[in-house]
Amino acid sequence: MTPLFFRRAALCALLFAAACGAPERETAVSSEGDRAAPSDTQRPDMILGAPDAPVTIIEYASVTCPGCVQFNEAIFPALRDKYIETGKARLIFREFPTPPAEFSYIGSVLARCAAEKGGTDAYFAVTDTLLRTQRTWIYGDDPKAELLKVAGQVGLDGAAFDGCLKRQDLIDLINDGAKEASETYGVTGTPTFIVNGEKAALRTLEAFEARIEEELANAAN
């Protein structure tokens, strides 16, 4: 899937339209013209693990991607326990929106707002919940109600939630990251993984472990 770029996206309007059964959007216009530059507090990557870990894994993911759910549930817990929490690897999570576009942006923007309030832990708490409950909040009868539950878990009330969805600077931040992913690593879909600077075709726990062990061996030499 190719990345989706929004210009002056009205996410609140999209959310209410989706809740009323509007057609799914598969594409969006390119981001051009006036743009608010993201502040330094919004720009940092979301990272799990020690900064000096010998192995760095970048995950390009979307909260609307079924394959990202599979990684989050079946592979990531083992990688976290064996490599991230032991200081051998760190994970950098970067947003790469995929269809349905409106929901992908809403989820990513909500996670970024959570990070501003509660830091990295809040960001990953929201992202994890969005992935685990993907079908409920995307395809349920009342997406906004489901998303408000997620927001409430990290202390964002209804007013903060509505304000969050108006944050063009966060949309620009996500768009810039997706553009960089496409141009730097040739990312076209999610999940895509970059291990120590190289794009890697990894789909099983065994494949991840083999690649990480190879990088650890190289670092030890």
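The values are calculated or read from the model by the stated rules, or taken from the named source; none is laboratory data. These figures come from a predicted structure and were not determined experimentally. Neighbour counts are summed over all protein chains in view; Cβ atoms, including those assigned to glycine, are modelled from backbone coordinates with ideal geometry. Ligands, DNA and RNA are excluded from the accessible area calculation, which covers all protein heavy atoms including side chains. Shrake-Rupley method; radii C 1.70, N 1.55, O 1.52, S 1.80 Å.
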Which entries of K117/K144; K117/K166; K149/K199; K149/K179; K179/K199; K88/K199 show an alpha-carbon separation above 27 angstrom in the structure shown?
K149/K199; K149/K179
How large a share of the accessible area of the range 154-221, in percent, is made up of carbon and sulfur atoms when the probe is 1.4 Å and the other protein chains stay in place?
50 percent
Accessible area in square angstrom per residue, the range 54-105, 1.4 angstrom probe:
29 Å²
Applying the gyration tensor rule to the Cα atoms of the range 43-102 (axes a ≥ b ≥ c; rounded if a/c under 1.5, else prolate if a/b exceeds b/c, else oblate), the class is oblate
Run through the range 148-209 and list the trypsin sites (Lys or Arg not before Pro) located in a DSSP loop whose Cβ has at most 10 other Cβ atoms within 10 Å.
none
Convert each backbone phi in the range 99-115 into a coupling constant with the Karplus relation 6.51 cos²θ - 1.76 cosθ + 1.60 (shift: θ = phi - 60°), then list the ³J(HN,Hα) values in order as whole Hz, x for Gly and Pro.
x, x, 4, 4, 6, 4, 5, 4, x, 5, 5, 4, 5, 5, 5, 4, 5
